[in-house]
1. Scan the range 112-123 and report the pairs whose first residue is open to solvent by 70 Å² or more (accessible area, probe 1.4 Å) and whose second residue is outside any helix (DSSP H, G or I), with Cβ atoms within less than 7 Å and a gap of 6+ or a chain change.
Amino acid sequence: MNKQNSSFGSWFTVSSDRLTYIILADVAMSDASAQYMVRSLVSDVSNAFPELPLNPSSPVNRNEMEKIVKSLCASFGKTDDKIYQAKRTVDTTKNVMKGNIGSLLQNHNHLHDIENASSSMRSAAQMFSDKGRLLEQKLKRRNRMMMLAAGGITLFFVVVLFMYFM
């Protein structure tokens, strides 16, 4: 690991395989912290992009690289910086809002499915009610016919008996 001081801070370089990692450390950062930060960067990059040391011209996922750099900045950067804290708060809030919006859309789709199921159940219940009412009327009609038939037969026997005994 090489160190070069400048007016901006200390430049640390380390070569790993066919790659060279360069970090500019803040003037206030200790050499041990800067060296640890460089080792963390080398480790994180080699874990995220295992093919990169073998082929330095291979494509690198920009989002993954930004995630590694943000992680290093969060671990080794100035945490008392108000702009940094505000940006971090905004990022956290943005992530929470994305989650909330995703949850809202899922709930909306779920609610739509429930409304469709409710509508089909309502129509099935109405059909069941209508068929039940028709069946009730049919049974009442059949019951009336049976009563009329029983009354007619009884009246017939009463008339026959009345005629017979008269």
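The values are calculated or read from the model by the stated rules, or taken from the named source; none is laboratory data. What you are looking at is a predicted structure, and each value in this text was computed from that prediction instead of being measured. Cβ sites come from the backbone with ideal geometry, for glycine too, and all protein chains shown count toward neighbours. Remember, those area values only see protein heavy atoms, side chains included, never the ligands or the DNA or RNA. Shrake-Rupley method; radii C 1.70, N 1.55, O 1.52, S 1.80 Å.
1. If the second residue must be outside any helix (DSSP H, G or I), no pairs are left.
A quick yes/no check of all residues on (1) touching a strand residue (DSSP E or B) at 6+ places or on another chain (Cβ under 7 Å); (2) among the acidic types (Asp, Glu); (3) modelled with pLDDT of 95 or more:
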{"residue": "109", "(1), (2), (3)": "no, no, no"}
{"residue": "122", "(1), (2), (3)": "no, no, yes"}
{"residue": "127", "(1), (2), (3)": "no, no, yes"}
{"residue": "130", "(1), (2), (3)": "no, yes, yes"}
{"residue": "134", "(1), (2), (3)": "no, no, yes"}
{"residue": "138", "(1), (2), (3)": "no, no, yes"}
{"residue": "144", "(1), (2), (3)": "no, no, yes"}
